[in-house]
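Colleague: Could you have a look at this structure, given as structure tokens, before my questions?
The values are calculated or read from the model by the stated rules, or taken from the named source; none is laboratory data. Please read these numbers as outputs of a predicted model, since none were measured by experiment. With ideal geometry, Cβ positions are generated from the backbone for all residues, glycine too; neighbour counts draw on all protein chains shown. Each accessible area value is taken on the protein alone, full model and side chains, heavy atoms only, with ligands, DNA and RNA left out. Shrake-Rupley method; radii C 1.70, N 1.55, O 1.52, S 1.80 Å.
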Amino acid sequence: MKVTEQHVAALKELIEPVDTDDVREKYRKGEFPRADAVEDLDVRYRWDLFHAVKGYSAFGDDHGYNSDHIDTALRSIVTSL
């Protein structure tokens, strides 16, 4: 994984408080904006959490990560629905 352990830990600290059972259940039921257009619910959930907590703040200004790198880090933090 290209994302450093420190950045993953910082991202995990941001995400864990909002990754609740209630939020997970709403996603499973499709109770979120534009749910009808979702192709992969797990990807959508991970990235919605990332954006909700302003996940880029975990990396600082000069991180050099692309979306694949970030998604790998997110998969290590957020379990599948």
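Colleague: Between 0 and 90 degrees, rounded to the nearest ten: what's the tilt of helix 5-15 against the longest Cα principal axis of the chain?
Modeller: Roughly 30 degrees, rounded to the nearest 10.
Colleague: Using a 1.4 angstrom probe, figure out how much accessible area the stretch 32-78 has per residue, in square angstrom, rounded to the nearest whole.
Modeller: So the stretch 32-78 comes to 60 Å² accessible per residue, rounded to a whole number.
Colleague: Now for a different question. If you project the alpha carbons of the chain onto their three principal axes, what span does each projection cover, largest first, in Å?
Modeller: Between the extreme Cα coordinates on each principal axis of the chain lie 36, 23, 19 Å.
Colleague: Carbon and sulfur: what percent of the chain's accessible surface (1.4 Å probe)?
Modeller: C and S fraction of accessible area: 46 percent.
Colleague: For the chain, with only Lys/Arg (+1) and Asp/Glu (-1) charged at the beta-carbon, what is the dipole magnitude about the Cα centre, in debye rounded to 20?
Modeller: With Lys and Arg at +1 and Asp and Glu at -1, about 80 debye.
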